[in-house]
Amino acid sequence: MYHKLQYISQGNTIEKQLYNIHDALDSGCDWIQMRFKNQSAKNCFALAEAVKFLCEEYLASFIVNDNVYLAQQIAADGVHLGLLDTKIEEARAILGNTKIIGATANTFDDIQNHIENGCDYIGLGPLRFTTTKEKLSPILGFEGYHAILQKLKENHLDIPVYAIGGVTSEDIDQLMEIGLHGIAVSGILTKTDQKEKLIQQLNEKLYANVVI
Ligand SMILES: Cc1ncc(COP(=O)(O)OP(=O)(O)O)c(N)n1
Ligand SMILES: Cc1nc(C(=O)O)sc1CCOP(=O)(O)O
Ligand SMILES: [Mg+2]
């Protein structure tokens, strides 16, 4: 089973990224997506190598945003691809069947296509407006999530779906009730000065109804 909480990293420098990722790991986060936009290949490689090492130390999963070849090069656990990024089939051919391939969706049709193309999980968003990403897709709100998750059920389509985009702790109960598998967050975890407390709170809510 995939973890229910994914931290999407922030920071405009290698140092800031590493600080934020290390802090998230040290505070109990067990899944990191390295998102380092508009950077040179050299900087991305240097950061990815360091994050890979850190995630191994903390026994956390590590996926790379956008860059399939970087994920392959450093033997990350996988990659997250958006609607305009490398095609899932292409990424699967490069990474093989053991790696995680996540894909962004905003509609039921996006999810259906991603499933047909062999992705492992869906990042469905945005829940609401967020400043973390530019050029957001149309906001879904809880109603949008409910409609899409219902349609997945009706069509017997089963894949872990993560809510993304302005998600906070207060949203979790409702999102779980709707049928989301988990959440992917960036801003709230980067900004808080009480990371351990927040991660514990998020996980308690996310795993509240999981029977082991
Ligand atoms: C878990 C998760 N879901 C969605 C996204 C967004 O990916 P994308 O649309 O490619 O946008 P960028 O993150 O590349 O700006 C994500 N990264 N993670
Ligand atoms: C990276 C990303 N993708 C989104 C989408 O809707 O596809 S929203 C988003 C930003 C998530 O960060 P925060 O938790 O700070 O809102
Ligand atoms: Mg992308």
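Where a number appears in this text, it was derived from the coordinates with a stated rule and is not lab data. This is a predicted model, so every value here is computed, not measured. Note that we place each Cβ from the backbone using ideal geometry, even for glycine, and neighbour counts take in every protein chain shown.
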At 222 nm, what value in deg cm²/dmol follows for the chain if DSSP H runs of at least 4 each add -39500 (n - 2.57) and the sum is divided by all its residues, to the nearest 500? -12500 deg cm²/dmol
Which pairs in the list Lys37/Lys195; Lys16/Lys135; Lys133/Lys195; Lys87/Lys191; Lys37/Lys205 are over 29 Å apart, alpha-carbon to alpha-carbon? Lys87/Lys191; Lys37/Lys205
Whole-Å semi-axes of the chain's equivalent ellipsoid (Cα gyration tensor): 25, 21, 16
Per-residue HN-Hα couplings for the range 4-20, Karplus 6.51 cos²θ - 1.76 cosθ + 1.60 at θ = phi - 60°, whole Hz, x for Gly and Pro? 9, 10, 10, 9, 9, 6, 9, x, 8, 10, 4, 4, 5, 4, 5, 4, 5
Candidates Asn67, Asn106, Asn117, ranked by Gaussian network fluctuation over the chain, Cα under 10 Å, top entry: Asn117
Note to self: C-alpha centroids of the range 155-180 and the range 53-96 sit apart, in Å, by 23
About the Cα centre, and with charges only on the beta carbon of Lys, Arg (+1) and Asp, Glu (-1), how big is the dipole of the chain? Nearest 20 debye, please. 400
Mind ranking 82-92, 124-134 by how tightly packed they are, going by the mean number of other C-beta atoms within 10 angstrom, highest first? 124-134, 82-92
